[in-house]
1. Only one of S239, S224, S245 is free of Cβ contacts under 8 Å to residues at least 40 places away in the same chain, out of contact with any Lys or Arg (no Cβ under 8 Å at 6 or more places or on another chain) and of a type in the set (G, A, S). Can you tell me which?
2. Considering only residues that are in contact with a Leu (Cβ under 8 Å, 6 or more places away or on another chain) and either of a type in the set (S, T, N, Q) or closer than 18 Å to H151 by Cβ (or both), look in the stretch 240-256 and name the one that is modelled with the lowest pLDDT.
3. Can you find even one residue in the stretch 140-161 that is among the aromatic types (F, W, Y) and farther than 30 Å from Q247 by Cα?
4. From the residues in the stretch 1-30 that are modelled with pLDDT of 50 or more and among the small types (G, A, S), which one is least open to solvent (accessible area, probe 1.4 Å)?
5. Pull out all pairs, ordered by first then second residue, where Cβ-Cβ is under 8 Å, the residues are six or more apart or on different chains, the first lies in the stretch 84-107 and is closer than 21 Å to A121 by Cα, and the second is assigned to a strand (DSSP E or B) and aromatic (F, W, Y).
6. I'm told V113 meets every condition in (1) in contact with a Leu (Cβ under 9 Å, 6 or more places away or on another chain); (2) in contact (Cβ under 8 Å) with a residue 24 or more places away in the chain except one. Can you identify the failing condition by its number?
7. Counting only residues that are surrounded by 10 or more Cβ atoms within 10 Å (Cβ to Cβ) and under 30 Å from H269 (Cα atoms), how many does the stretch 138-173 have?
8. Could you grab me the full set of residues in the stretch 64-83 that are within 20 Å of the chain's Cα centre (by Cα) and either farther than 24 Å from R34 by Cα or without any contact (Cβ under 8 Å) to a residue 40 or more places away in the chain (or both)?
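The values are calculated or read from the model by the stated rules, or taken from the named source; none is laboratory data. Given the structure is predicted, the values throughout are model-derived calculations rather than measurements. Quick reminder, even Gly has a Cβ in these numbers, built from the backbone with ideal geometry, and neighbours come from all protein chains shown. Surface areas here come from the heavy atoms of the whole protein model, side chains and all, with no ligands, DNA or RNA. Shrake-Rupley method; radii C 1.70, N 1.55, O 1.52, S 1.80 Å.
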Amino acid sequence: MPSLSIVSSSGSPSLDIRSLNGNEDRRKAFAVFRQALLGIGDFGRTNPETETRFLAEGQSLGGFEGDILRGVVNGYDSSITLPGGRHVRHLAVTHVGVSPDATRRGIARQLIVEQLRRARAEGYVVAGLRASETGIYGRYGYGIASWSVRHELDLTHAQLVAATPREELRIVDARDSFPLFRQIADSDLTPRATTLSRWDGWWAMQEFRTAHGTTPHHAVVFGSEGNERGYLRFHIESSDNWFTSSQRTVIVDDLIAHDDEAWRGLIGHLFTQD
């Protein structure tokens, strides 16, 4: 795809938008994104193989002023499940960021609009993202696709209504079992509507976070060996007094369940923790 020059009202080129295809260019783009968000570390210094794998399948666009990279946007080829089981192409948008010394100049707008233009030309049906600033993206055509809700349950005063099917539960190593997790995720014959397909870079980041997390990670699978129908990955929330606190929390990282029984078994495993 050729580069695109956006021309300012004065008639001079203001932003040159280019596809970033080489590994080094992708690393520079990711560095701009990290700087824009401030809270993401440079894991490429300690684990360059993971960063390369994470960025390899991305479709990065960079906005340049001369030779200076001012802003970036990225997207991954995915699919989304429709009601009835049909899949359509989905662009998983991510890494939207502008260098802190170049904000409020319309750079992100130009990049996002160009990304959507290219996505449509390439046959994508829908683009989606998880917005950190929800008020920004509506102007580009993004709408609310899902809602979140928070429930708090005191397990010392609660019990499950239905018995938990525990005979098919198996605790596995959270760090070493990613080939099994991928196999289970990919073998779901009837994924629910809005399920997104997962690319290799997504899995690479999950493996990295699990291996380098500051708190213990745990995992359990449901189903007999060779016929697993779900899994649950979770870690404990950091706490200075985990062993004595009455308010201990675990955070679910990923939950896949192919049927109701698997879902009840995996959720029930959480609720029966002491």
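1. Values: S239 fails: out of contact with any Lys or Arg (no Cβ under 8 Å at 6 or more places or on another chain); S224 fails: free of Cβ contacts under 8 Å to residues at least 40 places away in the same chain.
One residue alone meets the criteria, S245.
2. The extreme case among them is V250.
3. So the first thing to find is which residues in the stretch 140-161 are among the aromatic types (F, W, Y), and the list is 140, 142, 147.
Add one more test, that the residue is farther than 30 Å from Q247 by Cα, and what stays is 140, 142.
Within the stretch 140-161, one or more residues are among the aromatic types (F, W, Y) and farther than 30 Å from Q247 by Cα.
4. It comes out as A29.
5. L91/Y76; A92/Y76; T94/Y76
6. Of (1) in contact with a Leu (Cβ under 9 Å, 6 or more places away or on another chain); (2) in contact (Cβ under 8 Å) with a residue 24 or more places away in the chain, only one is false for V113: (1).
7. Number of matching residues: 12.
8. S79, I80, T81, L82
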